[in-house]
1. Set the bar at 29 Å for Cα to Cα. Now go through 446/561; 160/272; 235/295; 440/535; 163/446; 163/341 and name every pair that lies beyond it.
2. If amide hydrogens are placed 1.01 Å from N in the peptide plane, which non-local residues have theirs closer than 5 Å to the one on residue 500?
3. May I ask what percent, to the nearest 5, of DSSP beta bridges between residues of the chain are antiparallel?
4. Which whole-number percentage describes the relative contact order of the stretch 257-385, with Cα contacts under 8 Å and a sequence gap of 6 or more?
5. Could you tell me which of 387, 212, 89 has its Cα farthest along the dipole of the chain towards the positive end, charges placed at Cβ (Lys, Arg +1; Asp, Glu -1), taken about the Cα centre?
6. Please get the size of the charge dipole for the chain, origin at its Cα centre, with Cβ charges of +1 on Lys and Arg and -1 on Asp and Glu, quoted in debye to the nearest 20.
7. Take the Cα atoms of the stretch 443-583, find their three principal axes, and give me the spread along each one in whole Å, biggest first.
8. Which semi-axes, in whole Å and largest first, does the equivalent ellipsoid of the stretch 409-477 have when worked out from the alpha carbon gyration tensor as the square roots of 5 times its eigenvalues?
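What follows draws every value from the coordinates through simple rules; no lab data is involved. Since the model is a prediction, treat every value here as computed from it, not as a measurement. Every residue, glycine among them, receives a Cβ derived from its backbone with ideal geometry; neighbour counts consider all protein chains shown.
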Amino acid sequence: MDIFHLFRGRIEAAVHASGLGASLADGVIDRVTVEAPRDPSHGDIATNAALILAKPAGLAPRDVAEKLATALKADSDVEAVDVAGPGFVNLRLARAFWHRQLADMLAAGPQYGSGVVTRPRAINVEYVSANPTGPMHVGHCRGAVVGDALANLLAFAGHKVTKEYYINDAGAQVDVLAQSALLRYREALGEDIGEIPAGFYPGDYLKPVGAALAHSYGEKLKTMHKDASLAIARKVAVDMMMEMIRGDLAALNVRQDVFFSERQLHAEDARKIRDTINDLTMKGHVYRGALPPPKGEIPEDWEPREQTLFRSTAVGDDMDRPLMKSDGSYTYFASDVAYFKDKHDRGFEQMVFILGADHGGYVKRLEAVARAIAGDAAQIDVLLCQLVKLYRNGEPVRMSKRAGEFVTLRDVVAEVGRDAVRFMMLYRKAEAPLDFDFAKVTEQSKDNPVFYVQYGAARTHSVFRQAAEVLGDVDARLGDALPLDVLAHPSEIDLIRLLAQWPRIVEAASRAMEPHRVAFYLYEVASAFHAHWNKGNDDPALRFIKHDDANLTLARMGLVKAVSNVLNAGLAIVGAEAPTEMR
């Protein structure tokens, strides 16, 4: 249960009970916010209702606030109501209310906080989609984590989510890959190939591709027509690169549901692309014309050429886009359009694209494509991930260049572990630059968020193991009706209050497409749990296990179980392990 939604309904009821609702125009009440106060000392619930309703009611905000306060004081779950500042209404809730919330959390179990969306949607989240020309590098890492965690978050919130990877296997870069593979093929046959030519892919990761071609075809590719040998090399190279990429992603705990090949769009004489252009033509979005010259210095050989163009400026783009070149071949953009239509035809109501910050120019054109193809029937969201800079103790990292001119994703995961990589990639907003320091993400301290959160998860199990000496099978005992009313210390109530925010965090983070909110919240929960543990070290009365009071111990195990469930669920969204012990 989202307590803020609950009290929004009660505050709206108080508005009508106090006679303030009669003069309200439609939509006014929607501007009322109900949330946790920024300062916890102000209470548990804060609302701006009086400030929103004052003008329509023809009253001063504080007068409206006083009327609302009087109505809300009659609520048995409200312990106190205060009017603050210009007219904010702050509620402090009764201890019994928090006990019921904890009981609800335990009844929901690991699914507490899930299924919060009122209208589940079919959502496609496309992320990574790196060219299949080599292993994943650190530049792909952040988008992979953000996309995967966002998909996990949306699914936990209640949406039907498909994780997708778009294989760019039909462009010029794949032809270069095939040529590079054939070079390694000749090397595998014993030729001295010398220096890798400029423009080819130089990484050692292509040596196994050359060896595989040599094993399968012997000397045959050397005597084949160039187009035939390139086609063979292209397929083998792409297949092996995708196998490598899948392995790289698996090392990061990323596993997509669909790998969609661009070549599918070009199959059967590019039927899907042709059908998409025909569809747009019928809707009036396609015309024959010439684009204006490029901005800035115009090349000497530039001349206007008639092409088939998408009238994207009519649907929000800043320029029209070519679909077919003057020679009749399809542009890369035409593949993008056909791919979007394919997603729409598969029934997705919302398409999410996770792109690098250097792809900012794609946003408007993707939005224009969505409007032209789907109108209001589909929503499109584009998240741009900023760069990651690697450091060790504050110094820029220089790592092995074995795979080419980049640091590989596997290098990073091998050094610090996938959990540290995933959590820290989410510990900033995606659109903010991120400094990743190898030393800091592996230190065992409060200053390392991933360690502190996982330590919190492990500590809950440590408590359960110790409690078993007093209660026996703790999990079995937690299935009974617990005496939660014995939880009376402010620190215990504060912890329940924080856990009660989890459904709201899930709903807000999924709606805003911001999985980093989950990482921040997990750190807050872990910090509160550790702080409560430390209070028990100073005050024996607050310790989780009371050998002389089984009821109190059992109630506190319920609280620890709720903490464990939230930390486990949040870490699953992040894509990190929830350990049962730390070594």
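1. Cα-Cα > 29 Å for 235/295; 163/446; rest within.
2. Counting only residues 5 or more places away or on other chains, the set is empty.
3. Details: 22 of 46 bridges.
Taking every DSSP beta bridge within the chain, about 50 percent pair in antiparallel fashion.
4. Numbers: 165 pairs, mean separation 27.8, N = 129.
It rounds to 22 percent for the stretch 257-385.
5. My answer, from the dipole projection, is 89.
6. That gives a dipole near 320 debye.
7. 47, 32, 27
8. On the way: eigenvalues 222, 30, 23 Å².
Semi-axes (√(5λ), whole Å): 33, 12, 11.
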